[in-house]
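Novice: Attaching a single structure in structure tokens format; questions to follow.
The values are calculated or read from the model by the stated rules, or taken from the named source; none is laboratory data. Just so you know, these numbers come straight off a predicted model, no measurement behind them. Cβ: placed from backbone, ideal geometry, glycine included. Neighbour counts: every protein chain shown.
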Amino acid sequence: MSILKVDNLCKNFGGVQAVNGLNFEINEGEIFGLIGPNGSGKSTTINVICGLYQPSEGSIFLNGKKINGFKPNQCVDMGISRTFQNIRLFGDLTVWQNLWVAWKDDRKNQGSWFSNWFGKSESREKLISELLSFSGLETRANDLASNLSFGEQRRLELARAVASKPKLIFLDEPAAGMNKEEVKELRDRIFRLRDLGITIFLVEHVMDLVMNVSNRITVLNFGKAISEGDPESVQNDKAVQEAYFGQ
Ligand SMILES: Nc1ncnc2c1ncn2[C@@H]1O[C@H](COP(=O)(O)OP(=O)(O)OP(=O)(O)O)[C@@H](O)[C@H]1O
Ligand SMILES: [Mg+2]
């Protein structure tokens with residue numbers, strides 16, 4: 001079943017057509033990869049879907065419901081969450097507090113994935129402690145987010161995105177700046193979320209990761225999809241190789 005559909009999505013910034021007539025549909029439980037060279041419109045696509053910007057044209061459907069023009073908090077209420085390309089945490093709050101504020105009281109979602117994880121007795125405290133161990137931050141709970149290492153901040157951002165109990169998570173270059181071991185751990189976390197039934201939208205330059213985890217991939221260049229399909233067919237597509245490496 002389709003969870004997200006975008007239809008002729010466009011976003012202009014003045015004369016720049018950052019996203020230009022994008023169409024795709026993502027199925028529930030899928031890991032969908034969006035790749036493309038720098039400046040090709042990947043983050044803008046996320047920002048438009050998550051309500052940071054209004055689309056210039058086109059439609060966004062979540063579970064068949066049009067969500068154009070929804071504010072970011074309304075998107076969170078609809079079960080969408082995200083991480084940012086440039087980490088955005090509350091630096092002067094502790095790790096625990098960052099998760100506390102992201103938690104969402106959403107009893108109508110009971111019975112979805114998080115009751116498989118947390119059981120029916122899910123409480124805010126229990127969810128936070130589960131997320132601390134999910135992200136390997138148990139010993140950092142009382143430290144300020146600004147005192148975390150870069151890798152720890154990335155882990156906290158992912159945990160925070162999960163704390164709002166989303167059905168669909170957008171990850172904007174979650175592996176940027178990570179070493180091989182950290183990328184492996186991230187991959188396992190992404191699979192864990194997928195296994196819980198969370199749909200994942202992954203923007204990533206680390207090809208090892210995105211080719212490994214994605215069911216399907218769309219490739220952007222200058223705001224347009226130039227290729228789509230399974231990882232193998234996209235990797236072997238001449239148009240993709242040209243977009244990345246030039247003629
Ligand atoms: N808020 C904005 N105002 C003006 N132009 C913007 C804005 N956000 C993005 N752009 C422009 O839109 C285009 C697409 O940018 P975007 O950040 O979506 O690319 P990207 O694919 O995420 O690139 P990267 O891989 O470097 O993160 C670029 O030309 C960028 O300069
Ligand atoms: Mg980007």
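Novice: Only one of Asn47, Asn23, Asn27 is at pLDDT 95 or above, within 16 Å of ligand 2 (Cβ to nearest atom) and within 27 Å of Leu209 (Cα to Cα). Can you tell me which?
Specialist: Working: Asn23 fails: within 16 Å of ligand 2 (Cβ to nearest atom); Asn27 fails: within 16 Å of ligand 2 (Cβ to nearest atom).
Sole residue among the options that is at pLDDT 95 or above, within 16 Å of ligand 2 (Cβ to nearest atom) and within 27 Å of Leu209 (Cα to Cα): Asn47.
Novice: Condition first: in contact with an Asp or Glu (Cβ under 9 Å, 6 or more places away or on another chain) and either at positive phi or part of a strand (DSSP E or B) (or both). Now tell me which residues in the stretch 149-178 satisfy that.
Specialist: Selection gives Lys165, Leu168, Leu171, Asp172, Glu173.
Novice: Could you pull out the residue among Leu62, Leu52 that is more than 16 Å from ligand 2 (Cβ to nearest atom), among the aliphatic types (A, V, I, L, M) and under 16 Å from the mean Cα position of the chain (by Cα)? Show your work before the answer.
Specialist: Numbers: Leu52 fails: more than 16 Å from ligand 2 (Cβ to nearest atom).
From the options Leu62, Leu52, the qualifying one is Leu62.
Novice: Strands (runs of 3 or more DSSP E) wholly in the stretch 1-55 with at least 2 residues that are in contact with a Gly (Cβ under 7 Å, 6 or more places away or on another chain) and surrounded by 15 or more Cβ atoms within 10 Å (Cβ to Cβ) - which ones? Before the answer, list the steps.
Specialist: On the way: elements: 2-13, 16-27, 31-35.
Because the criterion is at least 2 residues that are in contact with a Gly (Cβ under 7 Å, 6 or more places away or on another chain) and surrounded by 15 or more Cβ atoms within 10 Å (Cβ to Cβ), the strands (runs of 3 or more DSSP E) in the stretch 1-55 that meet it are 2-13, 16-27.
Novice: Check Gly36, Gly14, Gly29 and return the single one that is within 10 Å of ligand 1 (Cβ to nearest atom) and closer than 17 Å to Phe170 by Cβ. Write out each step before concluding.
Specialist: Working: Gly14 fails: closer than 17 Å to Phe170 by Cβ; Gly29 fails: within 10 Å of ligand 1 (Cβ to nearest atom).
Criteria check complete, one pass: Gly36.
Novice: Checking Phe222 against (1) more than 16 Å from ligand 2 (Cβ to nearest atom); (2) surrounded by fewer than 18 Cβ atoms within 10 Å (Cβ to Cβ); (3) closer than 17 Å to Ser40 by Cβ: exactly one of these is not met. Which one?
Specialist: With (1) more than 16 Å from ligand 2 (Cβ to nearest atom); (2) surrounded by fewer than 18 Cβ atoms within 10 Å (Cβ to Cβ); (3) closer than 17 Å to Ser40 by Cβ applied to Phe222, the lone miss is (1).
Novice: Output the number of residues of the stretch 57-66 satisfying the condition of being in contact with a Leu (Cβ under 9 Å, 6 or more places away or on another chain) and either among the hydroxyl-bearing types (Ser, Thr, Tyr) or assigned to a loop (DSSP other than H, G, I, E, B) (or both).
Specialist: The first filter runs over the stretch 57-66 and keeps only residues in contact with a Leu (Cβ under 9 Å, 6 or more places away or on another chain), leaving 57-63.
Narrowing the set further to residues that are either among the hydroxyl-bearing types (Ser, Thr, Tyr) or assigned to a loop (DSSP other than H, G, I, E, B) (or both) leaves 59, 63.
So the count comes out to 2.
Novice: For the stretch 10-65, enumerate the residues that are more than 22 Å from His205 (Cβ to Cβ) and aliphatic (A, V, I, L, M).
Specialist: Selection gives Ile60, Leu62.
Yes or no, residue by residue, for (1) in the same structural domain as Phe24 (by TED's automatic domain parsing); (2) surrounded by 14 or more Cβ atoms within 10 Å (Cβ to Cβ); (3) more than 16 Å from ligand 2 (Cβ to nearest atom); (4) not charged (D, E, K, R):
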{"site": "Arg160", "(1), (2), (3), (4)": "no, yes, yes, no"}
{"site": "Ala175", "(1), (2), (3), (4)": "yes, yes, no, yes"}
{"site": "Glu232", "(1), (2), (3), (4)": "yes, no, yes, no"}
{"site": "Ala239", "(1), (2), (3), (4)": "yes, no, yes, yes"}
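Novice: Which one is modelled with the lowest pLDDT, of the residues in the stretch 90-126 that are loosely packed, with under 13 Cβ neighbours inside 10 Å and of a type in the set (Ser, Thr, Tyr)?
Specialist: Per the criteria, the residue is Ser121.
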